[in-house]
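Taking it in order: structure first as structure tokens, then the write-up.
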Amino acid sequence: MLQLESLSKIFAPDIPAVTGVSLDVAPGEIVAIVGSSGCGKTTLLRLIAGLDAPTRGTVSLEGETIRAPHPAIGVVFQEPRLLPWLNVAQNVGFGLMDHAAAERYDRVDAALLRVGLAGYGARWPRELSGGQAQRVSILRALVTEPKVLLMDEPFSALDALTRASLHDHLLGLWEAQRPTLIVVTHDVEEAVALADRAVVMQPRPGRVFADIPLDLPRPRDRLSPAFTEAKRVILAALDGSLEAPNAREKAKYAGGAWW
Amino acid sequence: MKKRANSLLSTRLATGLAIPLTAAILYEAGARLGIFEARLLPPPSRIAATLWALAASGELWAHIAATMLRLAAGFGIGALAGIMLGALTGASQTASRLLDPTIQALRAIPSLAWVPLFILWLGIFEASKVALIAVGVFFPVYLGVMAAITNIDRKIIEVGRAFRLSPLALTRRVLLPAVLPDCVVALRSGLGLGFMFVVAAELMGASEGLGFLLLDGQQLGKPDQILAAIFAFAVAGKICDGALVAAFRPLLRWQDSFAQSLTRSAAAPLGPPPLPAH
């Protein structure tokens, strides 16, 4: 459904941010792109979003090449990036301006209700906590019902408890609409908590190093042995030691083939 | 709720007036007891009487009207030019490279230095005065608007891009609201300088206006008239600034100061109480 074909982005000569990334994402799949900072994962996400143009290669959604921001692709940034002069409801409805007002209100109210923010519509963004603001920004991207939702380290600025609760909110929203979800993260636990598949990137040059399926049952128990093993496999891929026989064994344990 | 807001306002008014009122009373008492020489330092009662006499004869209003008319013309021209050029250099790097060095060089010239030239070019009547005020207003507005535009958060513009806003929609829905607060500040400092330069212009020769009252009071040895004119300037300046702020207030409600939001959340929380944690 979403296809990346040998995608490269070179900012300056000799500094390839992303090189030769090919990826096939199924409809409704949740993919975590995991990597340390500077490995090109944010660059990759921006290419998929159409915010930046690739140097080589293509991104295509259901056969249509993505060259600019596309109505079927929603983006959630690392910071909430709410517009401070719009209240919460207006921020959520930002992408719905070409809809009739009544429909807009209905969809915004339903969305706020779903993440526990009913009654917050008239508040200003500055009155929200970090977790509330990020929920509003996720709603803003999802309320237009995109087929693909791209998220760039959306929870990295939040504390662990808030992050875990937002994971639940996000999975609840995904359950309702089943968009394809691509989450960039450097948090291995987040990847295992959310994703069907972890794409591990390594830096210099930014490239895909491993593609690890995570078919743990949902809802996922963060304390289960399978969860811990899956984290260990991703960590091994991150530091490049996945080749070790032990890691290969663990990868099978976490759920099958990982190339 | 309304009552509470009113009493809050009157408390604030009383607090703000405490120092000027005390000073006026002490001043008045000092003058009556002969501690100051009342001829050169007229007490508030004399100033008030002078002001009243000027108002009753209609003279005061004519002077205020003359001053405000000059100010309005100068401020209008200066602010408009400042907004347009500031927007241009803020939005376009080419325009900035082309125009900004020249404008900054002109800004380095003390505005009063233009006076002899303006009088030669435009005569001694209204045109040269309006030109001087416009020059004074132009620079702070230009600088403020340019800075407002160059300081727009690129991350917020990117939100507009992600939602595929057309350039027009991006301007209307993102750029204008983003620069508005700083533009209002720029207009306010422009207005302040406008008042400064309207006095300067009128001191250099005018047959009416509050600045004329100042000069007339000096030449005829009437310090009470000078102080009455100064008082009128203070009131007019405060009213104009307040009107400017009030005009933009509906668009800047979202920006209510931190202190206000604290008072409000302590007094009456809006909507449902905050949820625990996140």
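Brief remarks on what is shown
- Antiparallel beta bridges, as assigned by DSSP with both residues in the protein assembly as shown, represent about 55 percent of the total such bridges.
- Dipole magnitude (debye, nearest 20) for chain A, charges at Cβ of Lys, Arg, Asp, Glu: 240
- Rounded to the nearest 20, the size of the Cβ-charge dipole of the range B:42-249 about its Cα centre is 860 debye, with Lys and Arg at +1 and Asp and Glu at -1.
- Each part gets one Cα centre, and for the range B:22-82 versus the range A:1-31 those centres are 72 Å apart.
- Residue of B:Ala72, B:Ala131, B:Ala234 that the Gaussian network model of chain B assigns the largest fluctuation, springs spanning Cα pairs under 10 Å: B:Ala234
- Taking all Cα-Cα distances within the range A:129-218, those exceeding 21 Å account for 32%.
- The alpha carbons of the range B:25-133 give a radius of gyration and a Dmax of 22.2, 67 Å, in that order.
- Kyte-Doolittle at least 0.0, axis length at least 27 Å by Cα - qualifying DSSP helices, chain B: B:2-32, B:59-91, B:126-150, B:176-203, B:223-248
- For the range B:42-249, the share of alpha carbon pairs falling in successive 5 Å distance bins from zero is 1, 7, 13, 16, 15, 13, 11, 8, 6, 4, 3, 2, 1, 0 percent.
- Positive-pole candidate from A:Ile30, A:Ser6, B:Ala162, dipole of the protein assembly as shown, charges at beta carbon: B:Ala162
- Summed over qualifying helices (DSSP H, 4 residues or more, each -39500 (n - 2.57)) and divided by its residue number, chain A shows a 222 nm mean residue ellipticity of -10500 deg cm²/dmol.
- Its convex hull of Cα atoms gives the range B:34-98 a direction-averaged projected area, equal to a quarter of the hull surface, of 8.2 nm².
- The separation of the range B:136-205 from the range A:78-156, counted between C-alpha centres, amounts to 28 Å.
- When the helices of chain B are scored as -39500 (n - 2.57) per DSSP H run of n ≥ 4 and the total is divided over every residue, the value at 222 nm lands at -25500 deg cm²/dmol.
- Listed residues B:Ala24, B:Ala108, B:Ala48, most fluctuating in chain B (Gaussian network, C-alpha, under 10 Å): B:Ala108
- Around the amide H of A:Ala210, modelled in the peptide plane, lie the amide H atoms of A:Val200, all under 5 Å away and 5 or more residues distant in sequence or on another chain.
- Compactness of the protein assembly as shown as Cα Rg over 2.2 N^0.38 Å, two decimals: 1.35
- Computed extension length for A:Ala157-A:Asp109: 14.7 nm, one decimal, from 0.36 nm per residue of separation with the Cα-Cα distance subtracted.
- Full extension of the chain between B:Gln104 and B:Thr11 gives 29.0 nm of extra length, using 0.36 nm per residue less the Cα-Cα distance.
- Spin-label pair A:His186/B:Asp153, simplified geometry with 7 Å Cα→Cβ offset, distance in nm: 2.1
- Listed by chain and number, the aspartates and glutamates placed with their C-alpha closer than 12 angstrom to that of A:Lys9 are A:Asp52; residues fewer than eight positions away on the same chain are left out.
- Estimated FRET transfer efficiency (B:Ala72, A:Leu223; beta-carbon r; R0 56 Å; 0.05): 0.20
- Shape box of the range A:58-165 [Cα atoms, principal axes, largest first, Å]: 41, 37, 24
- Using R0 = 51 Å, the C-beta based FRET efficiency linking A:Ser36 and A:Glu145 works out to 0.95.
- Dipole of the protein assembly as shown computed with +1 at Lys/Arg Cβ and -1 at Asp/Glu Cβ about the Cα centre; of A:Ala68, B:Ala243, B:Gly90, farthest Cα towards the positive end is B:Ala243.
- Positive-end extreme of charge dipole, the protein assembly as shown - chosen from B:Gly16, B:Gly30, A:Trp124 (charges on Cβ): B:Gly30
- Surface/4 of the Cα convex hull for chain A, nm²: 14.0
- Between B:Thr15, B:Thr67, B:Thr50, the residue with the greatest mean-square fluctuation in the GNM of chain B (Cα pairs under 10 Å linked by springs) is B:Thr15.
- Its Cα centre serving as origin, the range A:1-141 has a Cβ charge dipole (Lys and Arg +1, Asp and Glu -1) of approximately 420 debye.
- Å² of accessible area per residue within chain B, as computed with a 1.4 Å probe and no ligands counted: 58
- Loop sites here are chymotrypsin sites (Phe, Trp or Tyr not before Pro) outside DSSP states H, G, I, E and B with no more than 15 other Cβ atoms within 10 Å. The longest part of chain B free of them is B:126-278.
The values are calculated or read from the model by the stated rules, or taken from the named source; none is laboratory data. Given the structure is predicted, the values throughout are model-derived calculations rather than measurements. Note: ideal-geometry Cβ built from the backbone for every residue, glycine included; neighbour counts use all protein chains shown. In case anyone asks, the SASA skips ligands and DNA or RNA and just uses the protein heavy atoms, side chains included. Shrake-Rupley method; radii C 1.70, N 1.55, O 1.52, S 1.80 Å.
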